[in-house]
Amino acid sequence: MKLTVIGAGYVGLVTAAVFSDFGHAVSAIQINPLKLSLLRRGEVPFFEPGLSEVITRNMKDGRLTFTDSYKEGVNGAEVVFICVGTPSSDDGSVDLSYVYKASEMLAPFLGKEAVVVVKSTVPPGTAQKVAEIIGQKTKEKFYIASCPEFLREGSALSDSLCPDRIIIGVDCDKAKEVLLELHKHVNGERIVTDVASAQMIKYASNAFLAMKISFANSIARVSDLVGLDVEAVLKGVGTDSRIGKKFLLPGVGYGGSCFPKDVKGLMRFSSDKGFRFGLLEETESLNKDQTAWSIRAITSLLGGKIRGKRVAVLGLAFKPNTDDLREAPSLPIISYLLDKGAVVSCYDPVAMDHAGKLLKKVRFGKDAYDVCKDADILVLVTEWNEFKELTMKRIKKLMKQPLIFDGRNVYDKNHLTELGFTYKGIGK
Ligand code: UGA
């Protein structure tokens, strides 16, 4: 099939990569000139394991091309994916301007009976407006569909090739046929539903996962107060297959470009429709408080005095295997420490280039050991694999004081205590 992908961010690029790898001819539209020239050289503008290899392979074979021209990109396409961003507006509502702009731009070049698939995360009802916008600019018959994306940054390719489910949101048989055919090589249960329900599935899924994390963080807080080990508690809870073990890991709070935005988006959508989604209000506020609690725990380990203390921070990205710093809990934690007069050294395997633009007063080290030199406290924020097997005896020798705040429960408390560290984890 000939496919068009509008927007070459995370979702767009992975969609383009996966479908071109299945043998389809994909044209991806990127209007940012800098990003376009990177992509044309086969360079991916963000860190995502394996993605640039798939992209360069398919570019070389001529199945994947990048353009800034809607005419060139959309002409002759049987399926057009809209994968542009849907950021939060200041009032928490979803900013749909990029989706509407893309709809307006693609419409004049749409071929006969093309299927326009909204992959961007949008509230139910958006597809109708998209159809109206396109309808004003074309005489051709077209179909609107919704296939929300469930990939996670850091494991985007495998998530796209083997998702738990593929949601096909359609309002007619023709679009259903085309999309089932297009996804025939993707493993995962097919769920065919109407367009608006597909869009709600995406919001409800992200909101539920965020709520699960806030729940886990709350159990950790109570466990902390009464001296229980939250890991044992949540293992016992998650082993119930009705609950499930995934997304029950307590930490310093969830971040990223999706959960914070989509929790807000669903809250706002619900209240606009007449329902106050209190559960999500609490999910959001617990998440903020989890980061604030982490800051209090670090302060308390330092005996209440931050000024002049040297803090070693391991991990900056909002999660491992990405260089993404959007809503990363590392940022408020580091900003607070800097504000209070700490001297902060950080190390992250891939996010330091981005972090350098946001954090002006920190030192970036060459590895975990480097930032621990003379540190009063080690603060682990992101659980990169390479931090899990550090030689802690060596770390202790390097540090001025053996204090550890383990924001992701990566280390063994007993082992570290035996080595002479003062250890604080989340709910341990
Ligand atoms: C999330 C969803 O997991 C994807 O299914 C969805 O497609 C994507 O949003 C999106 O809407 O585009 P992502 O934001 O890439 O994916 O990352 P996650 O792995 O979900 O992690 C989000 C945050 O939750 C991270 O800060 C992570 O550290 C935190 N987290 C996750 C926890 O604190 N505990 C956990 O048990 C799991």
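The values are calculated or read from the model by the stated rules, or taken from the named source; none is laboratory data. Computed from a predicted model, the values in this text were never measured in an experiment. Heads up, the Cβs are rebuilt from the backbone with ideal geometry, glycines too, and the neighbour counts pull from every protein chain shown.
Looking at 13, 36, which one is within 18 Å of the chain's Cα centre (by Cα) and part of a helix (DSSP H, G or I)?
Working: 36 fails: within 18 Å of the chain's Cα centre (by Cα).
Sole residue among the options that is within 18 Å of the chain's Cα centre (by Cα) and part of a helix (DSSP H, G or I): 13.
Counted as qualifying within the stretch 318-413 are the helices (runs of 4 or more DSSP H) with 1 or more residues that are within 16 Å of the ligand (Cβ to nearest atom) and of a type in the set (A, V, I, L, M, F, W, C), namely 330-339, 352-358. The residue list 80, 84, 99 contains one member that is part of a loop (DSSP other than H, G, I, E, B) and either modelled with pLDDT under 95 or of a type in the set (A, V, I, L, M, F, W, C) (or both), which is 84.
The rows are residues; the columns are (1) more than 9 Å from the ligand (Cβ to nearest atom); (2) without any contact (Cβ under 8 Å) to a residue 12 or more places away in the chain; (3) touching a helix residue (DSSP H, G or I) at 6+ places or on another chain (Cβ under 9 Å).
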{"site": "225", "(1), (2), (3)": "yes, yes, no"}
{"site": "256", "(1), (2), (3)": "no, no, no"}
{"site": "268", "(1), (2), (3)": "yes, no, no"}
{"site": "282", "(1), (2), (3)": "yes, no, yes"}
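It is to be established whether one or more residues within the stretch 385-394 are touching a residue at least 40 places away in the same chain (Cβ under 8 Å) and at negative phi. Yes, there is a match, as at least one residue in the stretch 385-394 is touching a residue at least 40 places away in the same chain (Cβ under 8 Å) and at negative phi. In summary, residue 230 fulfils each of the numbered conditions (1) touching a residue at least 12 places away in the same chain (Cβ under 8 Å); (2) farther than 18 Å from residue 405 by Cβ; (3) among the hydrophobic types (A, V, I, L, M, F, W, C); (4) within 13 Å of the ligand (Cβ to nearest atom) with the single exception of condition (2).
Filter the stretch 298-317 down to the residues that are more than 16 Å from the ligand (Cβ to nearest atom) and not in a loop (DSSP other than H, G, I, E, B), then identify the one that is surrounded by the most Cβ atoms within 10 Å (Cβ to Cβ). The qualifying residue surrounded by the most Cβ atoms within 10 Å (Cβ to Cβ) is 312. Where strands (runs of 3 or more DSSP E) sit wholly within the stretch 103-214, those with at least 1 residues that are of a type in the set (Lys, Arg) and farther than 20 Å from residue 247 by Cα occupy 189-193. Within the option set 202, 246, 261, 212, being buried (at least 19 other Cβ atoms within 10 Å of the Cβ), free of Cβ contacts under 8 Å to residues at least 60 places away in the same chain and either polar (S, T, N, Q) or within 9 Å of the ligand (Cβ to nearest atom) (or both) holds for one residue only, 212.
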